[in-house]
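Structure first, commentary second.
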Amino acid sequence: MQARMTNPAYVLPGAMKGIGTMFQAIGESGLSQEVAEIVALRASQINGCSACVHGHVHNLRKGGASEERIAAVAVWREAPYFSDAERAALQLTESVTRLADRSHDSVPDELWDEVADHFDEKELSALILTIALTNLFNRINTTIKEPAGTTWG
């Protein structure tokens, strides 16, 4: 399988610069890299982005996450491998990613309060930006049919 075109973020170098700056800010926030990868994996699963699912699984393995945790991200509600903070982050990810499926606030106050109990303002900012960037990449990659196994950088 081959992508329809070069990733637009590489075609327009200014876009990649902006994305890189956002990733740098996220990395400096104090948000755990594993939490960032778990939520990115979940958003990518929901959006059916094979390239991103592959990449986040690879990153989680490289970071030392157990195979049980990685395999259970899609069924996190029923799996014993996640902390309360991770569960709140995963619920936020699903709420933000599934905007079209909602019949209420995209992020209900109860969920917001729960997430805010586990993450400080910088971490919460990084979490929101990670979810948003993942959704951006999912939409780009599914549009251009980026295949699983693609590497960037």
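The values are calculated or read from the model by the stated rules, or taken from the named source; none is laboratory data. This one's a predicted model, so the numbers in the text were calculated from it and none came from an experiment. For neighbour counting, all protein chains shown are included, and Cβ atoms are generated from backbone atoms with ideal geometry for every residue, glycine included. For the accessible areas, the whole protein counts, side chains as well, though only heavy atoms, and no ligand, DNA or RNA atoms are used. Shrake-Rupley method; radii C 1.70, N 1.55, O 1.52, S 1.80 Å.
Normalised by the number of residues in the stretch 54-144, what is the relative contact order in percent for Cα pairs under 8 Å and 6+ residues apart? Show your work: numbers first, answer last.
Details: 39 pairs, mean separation 19.1, N = 91.
RCO, the stretch 54-144: 21 percent.
In the chain, which helices (entire DSSP H runs) extend 30 Å or more along their own long axis, judged by Cα positions, while averaging at least 0.0 on the Kyte-Doolittle scale? Intermediate values should be presented prior to the final figure.
Numbers: long enough: 121-144 (34 Å, 0.58).
Result, helices passing both filters: 121-144.
Show the residues, 5+ positions off or on another chain, whose built amide H is closer than 5 Å to the amide H of residue 145.
4
Compare 72, 89, 51 in a GNM of the chain, Cα atoms joined below 10 Å, and give the one with the largest fluctuation.
72
Using only the Cα atoms of the stretch 95-153, what semi-axes does the equivalent ellipsoid have when each is the square root of 5 times a gyration tensor eigenvalue? Give whole Å, largest first.
Details: eigenvalues 148, 55, 9 Å².
The three semi-axes for the stretch 95-153 are 27, 17, 7 Å.
Given the options 88, 25, 132, state which has the largest fluctuation in a GNM of the chain using a 10 Å cut-off (strictly under) for Cα springs.
In the Gaussian network model the winner is 25.
With runs of 4+ DSSP H residues as the only contributors, calculate the mean residue ellipticity of the chain at 222 nm using -39,500 (n - 2.57) per run, divided by the residue total and rounded to the nearest 500.
On the way: 8 runs with 101 residues, N = 153.
Dividing the helical sum by the residues of the chain leaves -21000 deg cm²/dmol.
If you average the sequence gap of Cα pairs under 8 Å that are 6 or more apart and divide by the length of the chain, what percent do you get for the contact order?
Numbers: 157 pairs, mean separation 63.9, N = 153.
Computed value for the chain: 42 percent relative contact order.
Over the stretch 90-153, average the accessible area per residue using a 1.4 Å probe and give it in Å², no decimals.
Working: 3690 Å² over 64 residues.
Heavy-atom accessible area per residue stands at 58 Å².
Tell me, what % of the accessible area of the chain is carbon and sulfur with a 1.4 angstrom probe?
Details: 4660 of 8620 Å².
Roughly 54 percent of what the probe reaches on the chain is carbon or sulfur.
Rounded, prolate or oblate for the stretch 1-84? Axes are the square roots of the Cα gyration tensor eigenvalues, ordered a ≥ b ≥ c, and the cut-off for rounded is a/c under 1.5.
Working: a/c = 2.57, a/b = 1.48, b/c = 1.73.
It comes out oblate by the Cα gyration axes.
If the viscosity is 0.890 mPa s and the temperature 25 °C, what Stokes-Einstein diffusion coefficient in µm²/s follows for the stretch 48-127 when Rh is the Kirkwood radius over Cα pairs? Intermediate results must be reported in sequence, preceding the final value.
Numbers: Rh = 14.0 Å.
Answer, rounded: 176 µm²/s.
State the Kirkwood hydrodynamic radius of the chain in Å, one decimal place, computed from all pairs of distinct Cα atoms. Present the calculation step by step, with values, prior to reporting the outcome.
Numbers: mean 1/r = 0.0625 Å⁻¹.
Computed over the chain, the radius equals 16.0 Å.
Could you list the trypsin sites (Lys or Arg not before Pro) in the stretch 63-110 that lie in coil according to DSSP, counting only those with at most 15 other Cβ atoms within 10 Å of their Cβ? Numbers along the way, then the final one.
Numbers: sites: 69, 77, 87, 98, 102; in loops: 98, 102.
Qualifying residues, ordered by number: 98, 102.
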